[in-house]
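Colleague: Pasting in a structure now, in structure tokens, and then I'll have a few things to ask.
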Amino acid sequence: MTFQTLIFYFLAAVLIFAAVRVITAKNPVHAALFLVLSFFNGSALWLLIQAEFLGITLVLVYVGAVMVLFLFVVMMLDINFEKLRAGFWKHLPLAGIVAGLMVVEMVAVFSSPASGLGDFNSIQTAATEDGNTKIIGKALYTQFIYPFEIAAIILLVAIVAAIALTLRGRKDAKAQDPGLQAKVKSTDRVRVIKMAAVVEQPVTVDEQKTGE
């Protein structure tokens, strides 16, 4: 076992541990920090296969921007996370079965010759000749287009699931109808009332004494 292989297994083990802690940590801030750790380990794995562009992009985009936004949202909003996690263990067996099926399908797809995941040596050799960023773009949209489309579909499913989870009907929620707002006229909002002018008479000293 070479030193590079040993580093790979160490980083992969830390990455798996951090990913598990993201979904099992009770404190949302701790979960976000574990996600930052998993991003750093993923970036190091990219660097091991000479994909410096992807590794630096992962740190700059996700750790430097997305995770900062996550931390701000988690720390500023008063969210009852205990209520959100109420059905976690109840639905864990079904979620485990679905996750296992997805892993089996991904292994079956990536192990097939049509996926184009077998020849990494030629990619690393070309990366030293044409440049890292250029060869990644060529490989991503030619040889690895099939896994790239699968990853895009998985991300799309995650986006739809996140939107569906947040669309919970609440009685105290207030919503606006854009159609009614577009039909509003100025007369519906402001009413001009004409009133007769009233001229106030000056008050004399005798009237002031009488009022007292």
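Quick note: the coordinates plus some simple rules give every number you see, no bench work behind them. Only a predicted model underlies this, so the values are computations on that prediction, with no experimental measurement involved. Neighbour counts run over all protein chains shown; Cβ positions are idealised from the backbone, glycine included.
Colleague: Relative to the present Cα-Cα distance, how much length would full extension add between Ser186 and His30 at 0.36 nm per residue of separation?
Modeller: Working: separation 156, 0.36 × 156 = 56.16 nm, distance 5.14 nm.
Roughly 51.0 nm would be gained on extension.
Colleague: Once R0 is set to 25 Å, what does the formula 1/(1 + (r/R0)^6) return for the Cβ-Cβ distance between Tyr9 and Phe110, expressed as a FRET efficiency to the nearest 0.05?
Modeller: On the way: r = 19 Å, r/R0 = 0.78.
Once rounded, the FRET efficiency stands at 0.80.
Colleague: Cβ neighbours within 10 Å, averaged per peptide: list 103-112, 176-185, 24-33, 49-58 in order, most packed at the top. If you can, show how the numbers build up before the last one.
Modeller: On the way: 103-112: 11.6, 176-185: 7.8, 24-33: 14.2, 49-58: 17.0.
Answer by packing, highest mean first, reads 49-58, 24-33, 103-112, 176-185.
Colleague: Which of the three applies to the stretch 1-86, rounded, prolate or oblate, going by the alpha-carbon gyration tensor with a ≥ b ≥ c and a/c under 1.5 meaning rounded? Don't jump to the answer; show the numbers that get you there.
Modeller: On the way: a/c = 4.61, a/b = 1.78, b/c = 2.59.
The shape class here is oblate.
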